[in-house]
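Below you'll find the structure, written out as structure tokens, and then a few comments.
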Amino acid sequence: MQPSVENTATDYDAATSFLGKWGRFQRRVFFLLCLSVVPDGLTAFLIVFLADTPAHRCLLPAHLNLSAAWRNSSIPLEEDASRGGASEPSRCSRYKLEHLLNYSDRGLLPGVDVNLSTVPTEGCLDGWQFDHSVYTSTIVTEWNLVCGESWKNPLTTSIFFCGVLAGALISGQLSDRFGRKIMMFSTIALQAVTRFIQVFSPNWIVFCALYFVVGMGQISNYLVAFVLGTEVLGFHIRTIFSTAGVTLFFGAGYMLLPLFAFYITDWRTLLLALMIPSWLCLPFWWFVPESPRWLLSQGRIEEAEAIIREAAEMNNIEPPAVIFTPLQVRNIYHSLLQRTYNICDLLRSPNIRWTSITLWVIWNTVNVAYFALSLNTANLHGNAYFNCFLSATVEMPAYVLSWVMFRWCSRRMSVFASLSSVGLLLFIIQLVPAHLVFLSITIEMMGKFAVTTAFSIVYAYTAELYPTVLRNTAVGACSMASRIGSITAPFFIYLRTYSVSLPYILMGSLTTMAGLLSLLLPESFGIPLPETISHMQQNKVSGQKEQLSILTSNK
């Protein structure tokens, strides 16, 4: 007689339950994995300061024999759509110098003897003069990524997220094949080395090529650390780790970013400083174990038992003589040893296909809103450092709320409520009068709070839905699919140059649609982590029966 799927799903948890919930071993794994994602928080939005565009105007050669009056009036006034149509000095044009020299030589005064609206204009033929009161240098000031080259600014961010897409695509499969631990530390080293080389970038193209690699390492480290903790820790600690643990430490790194940027205003020096946290994480190799679940899925039973015995010793617990019986191993992993799973298995059966496609759409939408609102902090009124810090700070209570919702609430309703709130808040922003700047920033930060809550819940929800053999691949595939959103997010912000309201309308519509779509996903609240694909399908049926029984009992 074959064992039931429910029994095999709990074999691993039952076999390791003697370790307890929160011993020294669990605490060490929890905090070291959380610390390892702090550099990811520092890196994710670094472009806000690396590529910020200071105030600028056309440069006038110093040797020109222009009077002070004509130097001060050499730049025409233009309406700025991103500032509500207010007139400001042009950033990309100047009055033709030959005309200005002629008027200056003749002693004519601008606006008195000469109607400036009749003076022809030209581009910034001699370069630009940048305001250095905030930044000593950025990649924008160094390589003149303004005016006709301004499209390179959002493209720089998109290239980083292309690297994130590539990292999400390959890291999950490599991690499922070679192990969680080796991939995690390989990607930490990759980030540190690449960022060091990036400091010496001679031009924008080299910078972007290296930034692509940094993006690969950043997401790979986060995803693998996330899955490793999910598999090593027990159910209750796993819930805290996946919703509040890694996210709070990621948020801490994000909060430290404006502090680093405030004191280090040169972009090359800033890159060099932010390389250090990655190097500090490399010694964790000797203290973070491989996932016993993954080792068992590879048939490496002795290694898995050795890790668990070491954990028991650390927790001052005497382990049983036999941790995994041959029957348990055969029940859970017999089918796993016969074949290798890959990303194609996410689309092979109808149930998994529907879950995968739905999650890809939701992840994509969450990424659009999250990264667009995060990257938009440089465009908000007020100090860029404070706005970035505020944007990071609102994430902290959002991560705590996501843990509370994940601990006691339905997964589907949690995602629906958070995404619907984002859509509502982004629509409300359009109703705020332009002069109420503080109110509009407050509402935008509330939207950032809601989308961060959704982001955290969706990560943990996805890990619960998929089995061990596909979990890392599935989370990586969802992250990969979502990169369409993060790649396009900088261009959502770029739409501000045409209409300030347009990005909010688009993001509000997308998040509302994704919230409704999340109601069609299977429920995973209170159901053990699936170990096999067949158990994932069984969980869907069990979850539906559980929901039906709850509804029936309520009646």
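The values are calculated or read from the model by the stated rules, or taken from the named source; none is laboratory data. These figures come from a predicted structure and were not determined experimentally. We place every Cβ from the backbone using ideal geometry, glycine too, and count neighbours over all the protein chains shown. These accessible areas exclude ligands, DNA and RNA; they are computed on the full protein's heavy atoms, side chains included. Shrake-Rupley method; radii C 1.70, N 1.55, O 1.52, S 1.80 Å.
So here's what we get for this one:
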read-out	value
Test: P258 is in contact with a Cys (Cβ under 7 Å, 6 or more places away or on another chain) and touching a residue at least 40 places away in the same chain (Cβ under 8 Å)	yes
Exclusive hit being within 20 Å of the chain's Cα centre (by Cα) and farther than 11 Å from S482 by Cα, set S391, S349	S391
Single residue of I197, I182, I188 found to be over 17 Å from L32 (Cβ atoms) and of a type in the set (A, V, I, L, M)	I197
Given (1) assigned to a helix (DSSP H, G or I); (2) open to solvent by less than 10 Å² (accessible area, probe 1.4 Å), number of the condition S201 does not satisfy	(1)
L375 vs. criteria modelled with pLDDT under 80, out of contact with any Phe, Trp or Tyr (no Cβ under 8 Å at 6 or more places or on another chain) and within 26 Å of I484 (Cα to Cα)	no
Residue ranges of helices (runs of 4 or more DSSP H) in region 32-129 with at least 1 members assigned by the TED database to the domain that holds T230 and either free of Cβ contacts under 8 Å to residues at least 24 places away in the same chain or open to solvent by 20 Å² or more (accessible area, probe 1.4 Å) (or both)	38-44
Some residue of region 417-425 being surrounded by fewer than 18 Cβ atoms within 10 Å (Cβ to Cβ), over 20 Å from F45 (Cα atoms) and not assigned by the TED database to the domain that holds Q218	yes
Which listed residue, of V199, V213, V224, V193, is assigned by the TED database to the domain that holds Q26 and without any contact (Cβ under 8 Å) to a residue 12 or more places away in the chain	V193
Which listed residue is in contact with a strand residue (DSSP E or B) (Cβ under 9 Å, 6 or more places away or on another chain) and at pLDDT below 85, from L64, L97, L59, L77	L77
Sole exception among (1) open to solvent by 10 Å² or more (accessible area, probe 1.4 Å); (2) among the aromatic types (F, W, Y); (3) over 29 Å from V140 (Cβ atoms) for Y385, by number	(3)
Some residue of region 144-161 being closer than 23 Å to T462 by Cβ and either in contact with a Leu (Cβ under 8 Å, 6 or more places away or on another chain) or in contact (Cβ under 8 Å) with a residue 12 or more places away in the chain (or both)	yes
Which numbered condition A489 misses (of (1) within 21 Å of L390 (Cα to Cα); (2) without any contact (Cβ under 8 Å) to a residue 60 or more places away in the chain; (3) part of a helix (DSSP H, G or I))	(2)
Answer from A304, A261 - the residue that is modelled with pLDDT under 85 and open to solvent by less than 80 Å² (accessible area, probe 1.4 Å)	A304
Top-ranked residue in region 456-505 [being polar (S, T, N, Q) and in contact with an Asp or Glu (Cβ under 8 Å, 6 or more places away or on another chain); ranked as farthest from S291 (Cα to Cα)]	T473
Given (1) under 20 Å from I493 (Cα atoms); (2) buried (at least 17 other Cβ atoms within 10 Å of the Cβ), number of the condition Y135 does not satisfy	(1)
Single match in S242, S220, S186, S278 (criterion: open to solvent by 40 Å² or more (accessible area, probe 1.4 Å), within 30 Å of I307 (Cβ to Cβ), part of a helix (DSSP H, G or I) and of a type in the set (G, A, S))	S186
Boolean, S171 is in contact with a helix residue (DSSP H, G or I) (Cβ under 9 Å, 6 or more places away or on another chain) and either assigned by the TED database to the domain that holds R496 or closer than 30 Å to Q218 by Cβ (or both)	yes
Candidate set from region 171-181 (those that are assigned to a helix (DSSP H, G or I) and in contact (Cβ under 8 Å) with a residue 40 or more places away in the chain); member that is farthest from L470 (Cα to Cα)	K181
Y459 vs. criteria within 14 Å of the chain's Cα centre (by Cα), in contact (Cβ under 8 Å) with a residue 24 or more places away in the chain and within 30 Å of C344 (Cβ to Cβ)	yes
